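Here the structure comes first, spelled out in structure tokens, and everything after it is commentary.
The values are calculated or read from the model by the stated rules, or taken from the named source; none is laboratory data. Computed from a prediction, not measured in an experiment: that's the story for all the values here. Heads up, the Cβs are rebuilt from the backbone with ideal geometry, glycines too, and the neighbour counts pull from every protein chain shown.
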Amino acid sequence: MSPAPQTVGLLLVPGFALMSYASVVEPLRAANLLAGRELYRWIHITPGPQTVGASCGATVPCPVKAGETAKLDFLFVCAGGNPASFRDRTTLRWLRTLAARGLRIGGVSGGPVILARAGIMDGYHMTVHWEHAPAVAEAFPAVMLTRSIYIVDRNRLTCAGGTAPLDMMHALIAEAHGPELARRVSDWFMHTDIRPAQSAQRASFSERYGVHDDRLAGALELMESHPGEPLKRSETARRIGLSTRQLDRLFAEKLGLSYAEHYRRIRLERARDLLRQSAVPITEIALGCGFSSASHFSRAYKNTFGVTPASERK
């Protein structure tokens, strides 16, 4: 006898990322179509409004409300925008209840932030969209954060979003129904280059900055990994095997900025992510991003982005 279809709950948080959501649900639809029978069912669930809008303005009717009884085999929380601001107590309590029952629960794009907020990711490896990663690291020190495109740790599944759910769903379909069907589903979406879970979320430093010098890429990686306690020019130069003069020449020729100017930009961009995605006090953000005081941080921020940190947060 054919196994009963698996029911997947999709909890859509207002402002959810439509591409991430589609990359979860469309492989389920294609699996049913290509298998010629119903392997999966899905239910749209809301934390509040009966119709939930995506960040692009598209809307999805959600007949089930978080907290209501629904027989599920999986639950995926799909979020975008600013998931750190999500505080619905009913939904967070419901997630904890489902976790206690052993349900497989996943988060996509900003969804893992909400799982962490519910307290069900402590002691688990998880990933999240790179935009939210600094805020998650600050707010939830008990989670083990990685920069993979997706990760499965026991009964928790977290995914960085974008097109990464296509890779995650390939793995889940292969697990339940075999690699042949999973391959056919991926071919259906012309997704022929299946990425392993540990793949990088972002392009390499060379690609992101448009540089092809391994030494400069190494310097940029060091700088991005030390925003709170900025490395001195001499230390960065030593680690990549250059003199400070050679390091200065690389930055001037390849990026058109000095080492200090580029480092300040990196630190300010990290601060902007924290302002937008967390409730960390501005003074703590200033110190955590290597500024000597809140006033020093505020001046540098306004000079770069045209608004004060307080205005950015609003």
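Count, please, the residues in the stretch 68-102 that happen to be outside any loop (DSSP other than H, G, I, E, B) and within 24 Å of Thr7 (Cβ to Cβ). Break it down into steps so the answer makes sense when it comes.
Step one: filter the stretch 68-102 for residues outside any loop (DSSP other than H, G, I, E, B), giving 74-79, 83-85, 89-100.
From what's left, within 24 Å of Thr7 (Cβ to Cβ): 74-79, 90-100.
Number of matching residues: 17.
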Restricting attention to the stretch 144-168, the residues that are part of a loop (DSSP other than H, G, I, E, B) and over 14 Å from the mean Cα position of the chain (by Cα) number exactly 2
Just to be sure I understand, how many residues within the stretch 124-151 are under 18 Å from Ile105 (Cβ atoms) and surrounded by 18 or more Cβ atoms within 10 Å (Cβ to Cβ)? 14
Can you tell which of Thr59, Thr46 is free of Cβ contacts under 8 Å to residues at least 40 places away in the same chain and in contact with a Ser or Thr (Cβ under 7 Å, 6 or more places away or on another chain)? Thr59
Of the numbered conditions (1) over 27 Å from Ala116 (Cβ atoms); (2) within 25 Å of the chain's Cα centre (by Cα), Glu261 fails exactly one; give the number of that condition. (2)
Among the candidates Ile120, Ile105, which residue alone is in the same structural domain as Thr69 (by TED's automatic domain parsing), part of a strand (DSSP E or B), buried (at least 18 other Cβ atoms within 10 Å of the Cβ) and free of Cβ contacts under 8 Å to residues at least 60 places away in the same chain? Ile105
Within the set of pairs 6 or more residues apart or between chains, which connect a residue that is exposed (fewer than 12 other Cβ atoms within 10 Å of the Cβ) and of a type in the set (Ser, Thr, Tyr) inside the stretch 174-192 to a residue that is at pLDDT below 90 and assigned to a helix (DSSP H, G or I) with Cβ atoms less than 6 Å apart? none
Checking the structure you have, find out if any residue of the stretch 80-89 is buried (at least 20 other Cβ atoms within 10 Å of the Cβ), polar (S, T, N, Q) and in contact (Cβ under 8 Å) with a residue 60 or more places away in the chain. no
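Answer yes if at least one residue in the stretch 10-33 is outside the structural domain of Leu274 (by TED's automatic domain parsing), in a loop (DSSP other than H, G, I, E, B) and either touching a helix residue (DSSP H, G or I) at 6+ places or on another chain (Cβ under 6 Å) or exposed (fewer than 15 other Cβ atoms within 10 Å of the Cβ) (or both), and no otherwise. So that I can check it myself, show each step before the final result.
Going residue by residue through the stretch 10-33, those that are outside the structural domain of Leu274 (by TED's automatic domain parsing) are 10-33.
From what is left, the residues that are in a loop (DSSP other than H, G, I, E, B) are 13-15, 17.
Now restrict to residues that are either touching a helix residue (DSSP H, G or I) at 6+ places or on another chain (Cβ under 6 Å) or exposed (fewer than 15 other Cβ atoms within 10 Å of the Cβ) (or both): none.
No, every residue in the stretch 10-33 fails to be outside the structural domain of Leu274 (by TED's automatic domain parsing), in a loop (DSSP other than H, G, I, E, B) and either touching a helix residue (DSSP H, G or I) at 6+ places or on another chain (Cβ under 6 Å) or exposed (fewer than 15 other Cβ atoms within 10 Å of the Cβ) (or both).
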